[in-house]
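To start, the structure itself, in structure tokens.
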């Protein structure tokens with residue numbers, strides 16, 4: 001068993017990686033939307049399709065990413081993914097046409113498959129079975145911390161440097177993490193496995209998972225929550241600047257508040273799930289997320305911040321408990337392949353969020369209806385999780401595949 005000190009070092013390193021990876025391919029980029037619309041002369045829906053491209057790339061490549069991690073371990077894929085994301089950011093500011101942004105975001109999708117959530121969940125889950133929920137909560141909270149901190153930072157960079165000159169600096173942030181992950185994770189990561197046994201075991205385990213009600217309920221519920229997240233957060237800057245009269249910095253502050261609340265909730269949600277069970281925590285969390293979005297859908301500027309605070313708490317606790325519930329339920333030697341299959345369902349739904357909400361706003365003239373729709377869909381997600389057979393909060397990493 002890896003010592004507690006080494007576990008802490010790996011968890012903190014993985015947290016830093018997720019902080020930069022997720023923020024610089026997602027929330028940290030939204031502050032550039034108004035200037036990109038003006039500079040490239042495109043519609044909001046066309047611009048938002050870049051997020052859809054990224055999520056579709058993740059969905060298409062997820063099964064291959066799971067097989068790579070199961071076969072080779074996590075260190076080499078993580079480093080390769082970081083290189084791809086840093087490279088995409090390095091050339092982002094040189095884009096002259098929308099198709100080039102689509103290509104870069106497709107590259108981001110490949111990078112996130114290799115160095116994103118699944119690699120981190122596999123790494124943390126195989127290092128410790130004590131306080132696993134808390135450890136996952138820490139690394140997942142880092143993702144929200146990045147999405148809270150980076151929008152104000154990138155807004156300041158946009159104002160002082162311009163959008164094109166900002167991206168080489170963002171690329172350097174990701175590149176700086178590469179040697180850290182190579183040396184800190186190396187030697188302590190799950191060992192690569194022999195090709196044939198893993199392939200056979202992964203196929204059998206995935207086939208068994210696909211025949212369970214639990215897999216499909218988890219997948220659909222996760223998809224609905226990610227649809228809600230991408231539909232709302234990818235459009236908060238446009239919502240604030242166009243409908244509420246906010247500056248880019250003020251709109252970025254709302255995005256930061258959402259993800260700050262999510263970060264705190266992820267930390268607390270993981271720890272609470274260790275005690276009372278991830279399923280219970282997730283149901284309550286999704287209901288809070290829904291309430292926040294329904295409140296936001298009223299379109300009242302005076303209540304936007306409280307609504308974002310409530311929605312952020314709900315999303316954060318949901319995100320932490322979902323990862324714990326999924327990794328515990330389908331723990332075993334082929335866990336990465338099964339989690340990647342769940343990720344396919346999740347990301348296909350998430351891919352639709354940005355363009356559906358933006359198109360809705362173009363047709364109706366406002367985002368309020370789209371936000372209300374997403375809140376309603378979350379009620380269905382809560383029902384799906386509530387009707388799952390209950391899973392204990394603490395399950396050994398070598399537990400057999402659940403058939404519930």
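The values are calculated or read from the model by the stated rules, or taken from the named source; none is laboratory data. Note that this is a predicted model, so its numbers are computed, not measured. Cβ placement follows ideal geometry from the backbone for every residue including glycine, while neighbour counts extend to all protein chains displayed.
The single condition among (1) surrounded by 20 or more Cβ atoms within 10 Å (Cβ to Cβ); (2) modelled with pLDDT under 90; (3) not in a loop (DSSP other than H, G, I, E, B) that residue 154 does not meet is (2). Scanning segment 155-170 for residues that are more than 17 Å from residue 27 (Cβ to Cβ) and touching a residue at least 24 places away in the same chain (Cβ under 8 Å) returns 159, 164, 165, 168. Would you check if residue 351 is closer than 26 Å to residue 123 by Cβ and at pLDDT 90 or above? Against the criterion (closer than 26 Å to residue 123 by Cβ and at pLDDT 90 or above), residue 351 qualifies. Can residue 136 be described as closer than 24 Å to residue 52 by Cβ and touching a helix residue (DSSP H, G or I) at 6+ places or on another chain (Cβ under 7 Å)? Spelling it out, it is not the case that residue 136 is closer than 24 Å to residue 52 by Cβ and touching a helix residue (DSSP H, G or I) at 6+ places or on another chain (Cβ under 7 Å). Taking the criterion of being within 22 Å of the chain's Cα centre (by Cα) and modelled with pLDDT of 85 or more, the only residue of segment 181-190 that qualifies is 181.
Checking each residue in segment 44-79 for being surrounded by fewer than 21 Cβ atoms within 10 Å (Cβ to Cβ) and out of contact with any helix residue (DSSP H, G or I) (no Cβ under 7 Å at 6 or more places or on another chain) picks out 60, 64, 72, 76.
From the list 336, 370, exactly one residue is more than 19 Å from the chain's Cα centre (by Cα), part of a helix (DSSP H, G or I), over 17 Å from residue 216 (Cβ atoms) and modelled with pLDDT under 90. Which is it? None of the others qualify; the one that does is 370.
Okay, residues lined up against (1) within 29 Å of residue 110 (Cα to Cα); (2) assigned to a loop (DSSP other than H, G, I, E, B):
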site: 319; (1), (2): yes, no
site: 325; (1), (2): yes, no
site: 350; (1), (2): yes, no
site: 359; (1), (2): yes, no
site: 366; (1), (2): no, yes
site: 376; (1), (2): no, no
site: 381; (1), (2): yes, no
